[in-house]
Amino acid sequence: MVPLFPVGGGNPNTHSAFAIPHFKRGDILTDNLIRKTAQAISRSRKVVAFTGAGISVESGIPDFRGAGGLWEKFDPAEYATIEAFLANPQKVWAMLKEMGDLLESSRPNAAHRSLARLEEMGHLRSVITQNIDHLHQEAGNKRVIEYHGSHKNLICIQCGRRYPKEEVKFESLPPRCACSGVLKPTVVFFGEPIPWGAHLQAVEEARNCEVMLVIGTSAVVSPACDIPVLAKKAGAAIVEINLEETALTGSVSDWILKGPAGRIMQAVMDRMTGAE
Ligand code: APR
């Protein structure tokens, strides 16, 4: 039984989240893998993308465990657990507000746009994302499973009333409900359950896909990191796109395209559409 509470945390990776390494076009191995990935996607109408924070780094949003990532600046034990939020909502809201302003000013990058195009072309069935930034929807994907929730809504921890973020005033922190209860974003903190509907949909998608594109995740947080394993067990080809190897590489992934997701996905799209 897959535990439904995000656990794990992993150690900071060695790469810098913002210094995007030069993506070597013309590198024979890379070009062969780009061609192989384009071929696998072109032949399937059951592709599923599983994404993590790395897909949004080229949109200016730091990841969590990379150098320069969020957990270097904010200790997850003090800011990312439900216990920490309930103990000191004002302190956690200071981080949430800073992150929220950054998310509001961020836009989809070429990787997000490529996945939206693949859905339009009929190859991509869904995106299962660990991200709360809503960039897949903004890029145009219609079927997005937000495994760790979304920053676009808030919920009162006292009466359960929900508010769209744009209806909430942030003059003082923490923001409060009409009942005076503290409001919390509808994101999954460590120690909270995964939204049951999102989990069931993600498992269903993983078990029925032919190709899973695993983009920008360190794959260290459970139960999300079990999703690619379920797809593998169901016989799907697992294609990783990441700056570096992860816990999935060599055991779950069939191949890894190493480099920035935006440029790699653009190269795959160019190959598929003959644009290159
Ligand atoms: N292109 C591709 N991959 C990238 C890029 C990029 N431009 N930048 C970073 N990466 C990779 C890193 O190498 C790393 O493997 O993205 C991954 C990001 O890993 P994490 O920071 O651990 O983010 P993620 O896997 O999404 O974390 C999972 O942990 O803290 C919780 O709830 C939070 O949903 C999050 C979960």
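The values are calculated or read from the model by the stated rules, or taken from the named source; none is laboratory data. Predicted, not measured: the structure shown is a model, and the values here were computed from it. Every residue, glycine as well, gets a Cβ built from its backbone with ideal geometry; the counts of neighbours run over all protein chains shown. Just the protein is used for accessible areas: all its heavy atoms, side chains included, with ligands, DNA and RNA removed. Shrake-Rupley method; radii C 1.70, N 1.55, O 1.52, S 1.80 Å.
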Original post:
Hey, among SER251, SER222, which residue is touching a Gly at 6+ places or on another chain (Cβ under 6 Å) and open to solvent by 10 Å² or more (accessible area, probe 1.4 Å)?
Top reply: SER222
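Yes/no per residue for (1) under 23 Å from ALA38 (Cβ atoms); (2) within 12 Å of the ligand (Cβ to nearest atom):
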{"residue": "VAL203", "(1), (2)": "no, no"}
{"residue": "GLU210", "(1), (2)": "yes, no"}
{"residue": "GLY216", "(1), (2)": "yes, yes"}
{"residue": "PRO228", "(1), (2)": "yes, yes"}
{"residue": "LYS233", "(1), (2)": "no, no"}
{"residue": "VAL239", "(1), (2)": "yes, no"}
{"residue": "LEU248", "(1), (2)": "yes, yes"}
{"residue": "VAL252", "(1), (2)": "yes, no"}
Original post:
Taking ASP133 and the conditions (1) more than 30 Å from ARG207 (Cβ to Cβ); (2) within 13 Å of the ligand (Cβ to nearest atom); (3) among the charged types (D, E, K, R), which numbered condition does it fall short on, given that it satisfies the others?
Top reply: (1)
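So, PRO185, is that one away from the ligand (no atom under 16 Å from the Cβ), open to solvent by less than 40 Å² (accessible area, probe 1.4 Å), within 21 Å of GLU78 (Cβ to Cβ) and not hydrophobic (A, V, I, L, M, F, W, C) or not?
Criteria not met by PRO185.
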**OP:** Hey, can you tell me all the residues within region 108-162 that are at positive phi and assigned to a loop (DSSP other than H, G, I, E, B)?
**Re:** GLY122, HIS134, GLY140, GLY160
Original post:
What residue, among those in region 65-104 that are in contact with a Gly (Cβ under 8 Å, 6 or more places away or on another chain) and either outside any helix (DSSP H, G or I) or away from the ligand (no atom under 13 Å from the Cβ) (or both), is farthest from ILE215 (Cα to Cα)?
Top reply: GLU83
Subject >> Residue list for region 225-247, restricted to those being touching a Pro at 6+ places or on another chain (Cβ under 7 Å) and buried (at least 23 other Cβ atoms within 10 Å of the Cβ) >> reply: LEU243
